[in-house]
1. For Ser6, Ser157, give me the order by solvent-accessible area with a 1.4 Å probe, most accessible first, ignoring ligands, DNA and RNA.
2. Over the Cα atoms of segment 48-146, each weighted equally, I'd like the Debye log10 I(q)/I(0) at q = 0.14, 0.17, 0.23, 0.25 Å⁻¹, rounded to two decimals.
3. If each of Arg75 and Ser96 carries a label point 7 Å out from its Cα toward its Cβ, how far apart are those two points in nm?
4. Probe of 1.4 angstrom, ligands and nucleic acids ignored: what's the accessible area per residue over segment 29-167, in square angstrom?
5. Taking the full set of protein chains and a 1.4 angstrom probe, give the accessible area of Leu33 in square angstrom, rounded to the nearest 10.
6. For the chain, divide the Cα radius of gyration by the Kirkwood radius and give the resulting Rg/Rh value with two decimals.
7. Rounded to the nearest 0.05, what FRET efficiency is calculated for Asp128 and Leu87 with R0 set to 30 Å and r the Cβ-Cβ distance?
8. Leaving out ligands, DNA and RNA, what percent of the accessible area of segment 1-144 is carbon and sulfur, probe 1.4 Å?
Amino acid sequence: MASRKSNIVLVGFMGTGKSAVGRELQRMTGLRLVDVDAEVERAEGMSISNIFETRGEAAFRDLEAREIRRISEGRDQIISTGGGAVLRDDNMEVFSRSGVVVCLTASAETVLERTRHNTHRPLLQVDDPMEQIRNLMNERLPYYEKADAKVSTDGKSPYEIAQEVLEAVAWKR
Ligand code: S3P
């Protein structure tokens, strides 16, 4: 019988490499890659930054939850999520029913290095992004802990990380 948990769900803080690793996993497995943020942007015809600016974070979280429910009905996909998708218990329940949830981790220093030249993350457009990263990481730690497996990404290539993700998934399925 085919496993019900046919999706691979990547969660983790901003800048932990979910998109790059998702693309690598797609290349390695041939599974379809679905990016929750991209689906929200497509559905709304607006960038995430624009949604935050004009409608606020709470409205974004509702749109994100709606797309997560829709996407998770599909099978055999790699689902790359936004860093805050773990904050709603409903989202995590939907993810765990549909697949194996793997959390990518990185140090605050690595996250800053990987995100410092990007302007598309509204939560990091602040005077002191390092402080913001540390605060948000601490706040979110208990949520990321709910994943089925964790893979550290510091100093590793997307290929190496993707290999570790596949090993973790094989054990957890
Ligand atoms: C967010 C992370 C972003 C995006 C939005 C909010 C967060 O996705 O969903 O800016 O709350 O951590 P990435 O993790 O892909 O940057």
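1. Ser157, Ser6
2. Values, matching the q order: -0.60, -0.88, -1.36, -1.42.
3. The modelled label-to-label distance comes out at 2.2 nm.
4. Each residue of segment 29-167 exposes 52 Å² on average to a 1.4 Å probe.
5. Leu33 exposes around 50 Å² with every protein chain in place.
6. 0.94
7. According to the calculation, E is roughly 0.85.
8. 47
The values are calculated or read from the model by the stated rules, or taken from the named source; none is laboratory data. The structure presented is a predicted model; accordingly, all values stated were derived computationally and were not measured. In this analysis, Cβ positions are derived from the backbone assuming ideal geometry, glycine residues included, and neighbour counts consider all displayed protein chains. For accessibility, only protein heavy atoms count, side chains too; no ligands or nucleic acids. Shrake-Rupley method; radii C 1.70, N 1.55, O 1.52, S 1.80 Å.
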